[in-house]
Amino acid sequence: MLDAILLTLKLATVTTVVLLLMGIPLAWWLSRSNSWWSEVVATLVALPLVLPPTVLGFYLLILLSPTSAPGQMIESLIGFRLPFTFAGLVVGSVVYSMPFVVQPIRNAFDAMGERPMEVAATLRASPLNAFFSVAIPLASSGILTGTVLGFAHTVGEFGVVLMIGGNIPGETQVLSIAIYDYVETMNWGMAHLLSLMMLVFSFLVILIMNLSEKRLRKRLA
């Protein structure tokens, strides 16, 4: 049980960091781009919201398989196969949780409008400097929401991680899969315990996120 908990927390942490590094620039571009294909990218990012997790996990497994051209290329670059490894779990989790990080941050960037960046430009701030000193602070509530949602959503994943990572204790068996295992083996006590932990965790995540958003809004007001 402890291994599954630690692995889940590790996966959620790594995935959230990767999502923020990718999601913040992507959300900024989506909020500022007027090209038609930016909405195509936005649609692709949002697909995990409506796709069954098993479908997404299945196609990721096919894509990353050593029998596929992309899978062979990735394996030759990194030196190992992604399916049924922790790295594979990270890839699947990043794809699956992407909309939960990108959408709140994009909404925050949209809400700030063009005026703050125009003012920063008149003060001779470079685009990069204005982005970090103006856009990021103004979008901090959206970034916080995306961070919390990305972490929490990764903790609760099941279908995608099962398809791409399998169920290897100590390597790819995360908390949600461990609960499934306990139910299958009729170990109701452990299933109840882990499920209760997930329920309490989810409640606290939402509560902390709501309280933090209120504090941020008061500071920015």
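The values are calculated or read from the model by the stated rules, or taken from the named source; none is laboratory data. Model, not experiment: these values are computed from the prediction. All Cβ positions, glycine included, derive from the backbone under ideal geometry; neighbour counts span all protein chains shown. All accessible areas refer to the heavy atoms of the entire protein, side chains included, with ligands and DNA or RNA removed. Shrake-Rupley method; radii C 1.70, N 1.55, O 1.52, S 1.80 Å.
Pull up region 27-50, narrow it to residues that are polar (S, T, N, Q), open to solvent by less than 40 Å² (accessible area, probe 1.4 Å) and part of a helix (DSSP H, G or I), then point me to the one that is modelled with the highest pLDDT.
Filtering first and then ranking leaves Ser31.
Could you list all residues from region 52-69 that are assigned to a loop (DSSP other than H, G, I, E, B) and either among the charged types (D, E, K, R) or open to solvent by less than 60 Å² (accessible area, probe 1.4 Å) (or both)?
The first filter runs over region 52-69 and keeps only residues assigned to a loop (DSSP other than H, G, I, E, B), leaving 52, 65-68.
Hits for region 52-69 are Ser65, Pro66, Ser68.
Take Ser212 and decide whether it is under 25 Å from Leu21 (Cα atoms), surrounded by 13 or more Cβ atoms within 10 Å (Cβ to Cβ) and modelled with pLDDT under 85. Before you say what the answer is, go through the steps one by one.
Working: under 25 Å from Leu21 (Cα atoms): yes; surrounded by 13 or more Cβ atoms within 10 Å (Cβ to Cβ): yes; modelled with pLDDT under 85: yes.
Yes; evaluated as a whole, the condition is true for this residue.
Each row is one residue, and each column tells you yes or no for (1) at pLDDT 90 or above; (2) closer than 16 Å to Thr8 by Cα; (3) buried (at least 18 other Cβ atoms within 10 Å of the Cβ); (4) within 23 Å of the chain's Cα centre (by Cα).
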{"site": "Arg124", "(1), (2), (3), (4)": "no, no, no, no"}
{"site": "Ser141", "(1), (2), (3), (4)": "no, no, yes, yes"}
{"site": "Val148", "(1), (2), (3), (4)": "no, yes, yes, yes"}
{"site": "Phe151", "(1), (2), (3), (4)": "yes, yes, yes, yes"}
{"site": "Val161", "(1), (2), (3), (4)": "no, yes, yes, yes"}
{"site": "Gly165", "(1), (2), (3), (4)": "no, yes, yes, yes"}
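State all residues of region 70-89 that are in a helix (DSSP H, G or I), open to solvent by 20 Å² or more (accessible area, probe 1.4 Å) and not charged (D, E, K, R); if no residue qualifies, say none.
Residues satisfying the conditions are Pro70, Gln72, Met73, Ile74, Ser76, Leu77, Ile78, Phe86, Ala87.
Output the number of the condition that Val205 fails; it satisfies all remaining conditions of (1) among the aliphatic types (A, V, I, L, M); (2) part of a helix (DSSP H, G or I); (3) free of Cβ contacts under 8 Å to residues at least 40 places away in the same chain.
Val205 satisfies all of (1) among the aliphatic types (A, V, I, L, M); (2) part of a helix (DSSP H, G or I); (3) free of Cβ contacts under 8 Å to residues at least 40 places away in the same chain except (3).
Here is a yes/no grid of residues against (1) open to solvent by 50 Å² or more (accessible area, probe 1.4 Å); (2) of a type in the set (Asp, Glu); (3) in a loop (DSSP other than H, G, I, E, B):
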{"residue": "Phe109", "(1), (2), (3)": "no, no, no"}
{"residue": "Pro116", "(1), (2), (3)": "no, no, no"}
{"residue": "Ala121", "(1), (2), (3)": "yes, no, no"}
{"residue": "Thr154", "(1), (2), (3)": "no, no, no"}
{"residue": "Glu157", "(1), (2), (3)": "no, yes, yes"}
{"residue": "Pro169", "(1), (2), (3)": "yes, no, yes"}
{"residue": "Ile179", "(1), (2), (3)": "no, no, no"}
{"residue": "Val183", "(1), (2), (3)": "yes, no, no"}
